[in-house]
Structure formats: structure tokens, C-alpha cells
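A.B. asks: Here it is, the structure in full.
The values are calculated or read from the model by the stated rules, or taken from the named source; none is laboratory data. Only a predicted model underlies this, so the values are computations on that prediction, with no experimental measurement involved. Cβ: placed from backbone, ideal geometry, glycine included. Neighbour counts: every protein chain shown. Surface accessibility is based on the protein's heavy atoms, side chains included, excluding ligands, DNA and RNA. Shrake-Rupley method; radii C 1.70, N 1.55, O 1.52, S 1.80 Å.
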Amino acid sequence: MMAARLLLAALSAAVSFVLPLQAQAQNYPTRPIRLISPFAAGGANDVLARAIGLKLSNRLGTSIEIENRPGAGAVIGLVAAAKSAPDGYTLVLSGSTLAVTGTLYKKPPFDATKDFVPVALVVHYPFLLVASKSLPANSVPELIHFAKQHPGKLLYASPGVATSQHLFAELFKVTTGTDLGHIPYNGTSPAVVDIVAGRVSLMFAAAAPSLPLIKDGSLKVLGVSSAERLAEAPDIPPIADAVPGFDVSNWSIILAPAGTPREIVNKLHAELKTVMAAPDVQDQLAKIGMIPIVSPTPEELESFVSSEVTRWGRIVQQAGIAGAH
């Protein structure tokens, strides 16, 4: 009899816990949602976050507040998201940094597969290899030749340690046998400012902040990181033309803290798929070199993140920078 009472009490407690969660998910959202962009304002991640936030706000009937939390190559923003309440009111827009931090850091600040739940994969996009006008190289072959003549003298910028731009440059070094120094910044915009000023020679940069500066002559472009040319800049040659097999692109994914109710994750996933399928969103992103993705399900994305952790971890190992931070 006592056992039956205890069982009934346990079931009642479970039901009383589950019902509020279901009600919360059905009524969600009831207040503004914070979408963290772990980079400085003006960069590709920030531009993408604001484009998505505006449309998602209209779909959900609440405001989406973009919060820029730059620093440590997106780690500061990602850690802030991981430590937030898992209630659907904090999201983060991450790039491939998510997949490399575990290998790059001796004491990783988060676990990509355990501290987040993936909501939707939204875009992928290549980077442009841009250079200062003062660099005496106007093509990838000329850059490789110059770098080998001056080992360790050329400096490349990135928006921070462990960012995609950092890893793309390290992969370029490994595949070309060149020695380039790394200067990390807190975001793309300040890095580009120094390249325009000639204080740093090069960087891999997204098309969004780069194309206007290329068009007005402030920067020169040496190549694109994907094997295919950019539709909006078809005259830029793929790096693969000079470095066979070099074909890498960044991806962007929206994450929630681990433990966020599945009903909320599924609702956000469905709304984000609708947002990314909108013709005006696709046109807007195409103009800045981003290609919208029809996202796999949240369950499938868990496998995707795990596989990317393995793939990029291998690149970090090949670059000789595993455990460097």
C-alpha cells in the first residue's frame, strides 16, 4: 500500500513538472528573445543575425534582440549562451568555431555536443582571401612565392583564435608550405581596418564586409576559398586554381542552451526554415555571398555537429595548433 502511494506521488510530481513545460512551449514566446552574435558589429555573423532576427521577429510576434558579445574568437559569446537559462529566450548564432574549440584549447571552455542543442543550420559561405594594397602580390601564386621568399614576415589577421578565418589561414599555410604570422582581433571589422591601413597583410574575410572595399579599391582580393566562384563576384578566382584541393566554406548554425524544451526547439526550427526559404531573405543573403541551407532536423544536426567536431579537429591537428590555447 505504501509503495503504491509513493508511486502515485512520484507520478503526480512528474505530471506537475511536465505540464508547465508543455504550457510554456505552447505559449512561447511571451517576451523578447536574445540572439547572441559572438562577433563585433558589422561583420558577417552580425549581418546575418540581424537579417534573421528581423524576419524571425515577425514570425514569432516578439522582438529579437541582437546582442554582440565578441572576444576570444567567439568563445565569450558561446560560453554566455551555454550558461543561459534553457528556456528558449537565449539563442546564439555560431560558425565553425563551435567545432574547433575542443581541440584547440587545452581546457575547452565548452563541449560542442553537450552544452548546446542545435536548432537550425541556416547558411554556408566561402571566404575571400583579401590583402593590403601594399602587398607586392596580386594573385595566389604570387603570394605563395613572396611568402616563401620572406618566411615569417607576412602577417595575417583573423576575427579571433579558433574562428573559421583563423583555421582557413592555417590550412592554407599547411597546404602551401608557407610561414605566416597570426594576429587575432575582436571581430572582422577592426581586422579589415588594419589591412586597409597596411598594418597587416592579409586575411580570409566574408564577402559582406569585403566586397564594398574591394570595389572601391581599398582592398585587393586574391581568391575565394571555395572551389566554385561566387555568383556575385565571378571574376574572383578560386584558390583551388593554384592550390589543388583547397575547398572550404564556413557554416552558420543557431543553437540553444542544452536542456531547452524539445517543443520550443522544434517550434524555432520550423520558423527558421520558413524564414530561410523566403525569397527576399535568399536574395539579401546572396548579395553578401551567403547561401541559405534547408536545415536538417535538430536530431540530425546533433550528428552533423559531432562529425564537424571530428573533421575540424583533424584540421587543427594537421595545422599543429592543437592545445595551443
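A.B. asks: Does residue 86 satisfy being open to solvent by 50 Å² or more (accessible area, probe 1.4 Å) and modelled with pLDDT of 90 or more?
C.D. replies: So residue 86 passes the test.
A.B. asks: Of the residues 88, 95, which single one is over 18 Å from the mean Cα position of the chain (by Cα), under 22 Å from residue 300 (Cα atoms) and among the small types (Gly, Ala, Ser)?
C.D. replies: 88
A.B. asks: I'm told residue 62 meets every condition in (1) within 15 Å of residue 163 (Cα to Cα); (2) open to solvent by 10 Å² or more (accessible area, probe 1.4 Å) except one. Can you identify the failing condition by its number?
C.D. replies: Residue 62 satisfies every listed condition except (1).
A.B. asks: Quick one: which of 112, 74, 80 is touching a residue at least 40 places away in the same chain (Cβ under 8 Å) and either open to solvent by 50 Å² or more (accessible area, probe 1.4 Å) or farther than 21 Å from residue 249 by Cβ (or both)?
C.D. replies: Residue meeting the stated conditions: 80.
A.B. asks: For residues in the range 127-137 being of a type outside the set (A, V, I, L, M) and either open to solvent by 10 Å² or more (accessible area, probe 1.4 Å) or assigned to a strand (DSSP E or B) (or both), which is farthest from residue 247 (Cα to Cα)?
C.D. replies: The residue in question is 134.
Residues are listed down the side, and each one gets a yes or a no for (1) under 14 Å from residue 251 (Cα atoms); (2) of a type in the set (D, E, K, R); (3) open to solvent by 60 Å² or more (accessible area, probe 1.4 Å):
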residue	(1), (2), (3)
285	yes, no, no
289	yes, no, no
292	yes, no, no
298	no, no, no
310	no, no, yes
319	no, no, no
325	no, no, yes
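A.B. asks: Quick one: which residue in 319, 270, 231, 242 is closer than 28 Å to residue 169 by Cβ, hydrophobic (A, V, I, L, M, F, W, C) and free of Cβ contacts under 8 Å to residues at least 60 places away in the same chain?
C.D. replies: 231
A.B. asks: Assess whether residue 117 counts as being part of a strand (DSSP E or B), buried (at least 19 other Cβ atoms within 10 Å of the Cβ) and aliphatic (A, V, I, L, M).
C.D. replies: So residue 117 passes the test.
A.B. asks: For the range 60-69, check the following and say yes or no: at least one residue is in a loop (DSSP other than H, G, I, E, B), touching a helix residue (DSSP H, G or I) at 6+ places or on another chain (Cβ under 6 Å) and of a type in the set (D, E, K, R).
C.D. replies: Scanning the range 60-69, I find at least one residue that is in a loop (DSSP other than H, G, I, E, B), touching a helix residue (DSSP H, G or I) at 6+ places or on another chain (Cβ under 6 Å) and of a type in the set (D, E, K, R), so the answer is yes.
A.B. asks: Still on this structure, please answer the following. Quick one: in the range 33-51, which of the residues that are within 17 Å of residue 96 (Cα to Cα) and part of a helix (DSSP H, G or I) is most open to solvent (accessible area, probe 1.4 Å)?
C.D. replies: 47
A.B. asks: Looking at the range 136-159, can you tell me whether even one residue there is at pLDDT 90 or above, of a type in the set (Lys, Arg) and more than 30 Å from residue 195 (Cα to Cα)?
C.D. replies: For the range 136-159, residues at pLDDT 90 or above, of a type in the set (Lys, Arg) and more than 30 Å from residue 195 (Cα to Cα): absent.
A.B. asks: At pLDDT below 95 and more than 21 Å from residue 39 (Cα to Cα): which single residue out of 133, 107, 114 fits that description?
C.D. replies: 107
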